[in-house]
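The values are calculated or read from the model by the stated rules, or taken from the named source; none is laboratory data. Given the structure is predicted, the values throughout are model-derived calculations rather than measurements. We place every Cβ from the backbone using ideal geometry, glycine too, and count neighbours over all the protein chains shown. When the accessible area is computed, the model is the full protein with side chains, heavy atoms only, and any ligands, DNA or RNA have been set aside. Shrake-Rupley method; radii C 1.70, N 1.55, O 1.52, S 1.80 Å.
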Amino acid sequence: MQRKLIFSKIKTSFKKKSLISQLTAFVSALMTIILITVIVFTYIRSSKQIIKQYVSDTQKLLDLQGNQLDTYFSQLESFSLHLRSDQTFMELISNTKPLSYFSSEYLKTLVRNEFYFRDDLIDFNLYDVAHNTSYKISRNQTARNIQTDDTKSIYKQPNYRIFSSGKHYKDIVPTKKIGKDEGLFTFFRTIINIQDQKPLAFVTFSVDRSWPDMNIGTKEANEITILADGNGTIFYQNRRGQDIDFADFVKEISSNNREKKKSYSRNFVKIKNQEFMMVKSWLKKK
């Protein structure tokens, strides 16, 4: 009888401990789930906040860089019309009479002065339509003398119809490499007769990468800075000397309708099998 009583107490005690253990395990599991949920929620919230802050900071930086780019392009546009402000120059290119030696030397001096006016110029070219003469100077020339030729080459440019007519009489195309220099782009400008809108002269010049490298090219290993137009044509990317496939980037840019997009947008693109978050901003200047 006494043995049965002892066994019963032990059994009851075991059942109680088992229930307590089960309850403890349940509470522990519940607390663990709640803790994991809180951690995950906090992590996701924190990640979103970090990304949001990064995008905000990047957009502010893009705003500043965009303003700098607008100023840069405005300076280049003004520079492309420098020669037009020279009255003697305008008289010479408007006259169909053969140029005298002194007149020709005057044009050469103007071209030389324009070339040395900016530090980022790779070359500078003037095409005198009336006299079928071109004047060219380049930093790739040994002596950097003015070279003269006819004007046939300007009419063979693929974008001739664009910069020789239209509303602005200008165009900009990417320049990969000119001799030893890595070009940024080539600027085409037509100087017209205001009365009949016919071309009197063409000015072209190529600029190097020095300005964007200094002002917009990020040095961060995990960031890529790209300057492109609405069609996805890339003018500049800071990963110099690296074979990078920008197909997804070009596809993303090309598929966007600029009029229907906000100033900023955020997407993810793959570049060289790596996923990048793309933060972009459109320049104000067309």
Fill in: Condition met for Asn132 (modelled with pLDDT of 95 or more and on the phi > 0 side of the Ramachandran plot)
yes
Practice prompt. Give me the pairs, please: first residue somewhere in region 102-116 and within 11 Å of Ile146 (Cα to Cα), second residue anywhere and at pLDDT below 95 and small (Gly, Ala, Ser), beta-carbon distance under 6 Å, and either six or more positions apart or on two chains.
Written response: none
Item to complete: Filter region 71-91 down to the residues that are among the aliphatic types (A, V, I, L, M) and open to solvent by 30 Å² or more (accessible area, probe 1.4 Å), then identify the one that is farthest from Ser164 (Cα to Cα).
Response: Met90
Item to complete: Please work out which residue is nearest to Asn125 (Cα to Cα), limiting yourself to region 41-89 and to residues that are assigned to a helix (DSSP H, G or I) and among the acidic types (Asp, Glu).
Response: Glu77
Discussion item. Just to be sure before I move on: is Tyr116 part of a helix (DSSP H, G or I), open to solvent by 70 Å² or more (accessible area, probe 1.4 Å) and touching a Leu at 6+ places or on another chain (Cβ under 9 Å) in the structure I sent?
Written reply: no
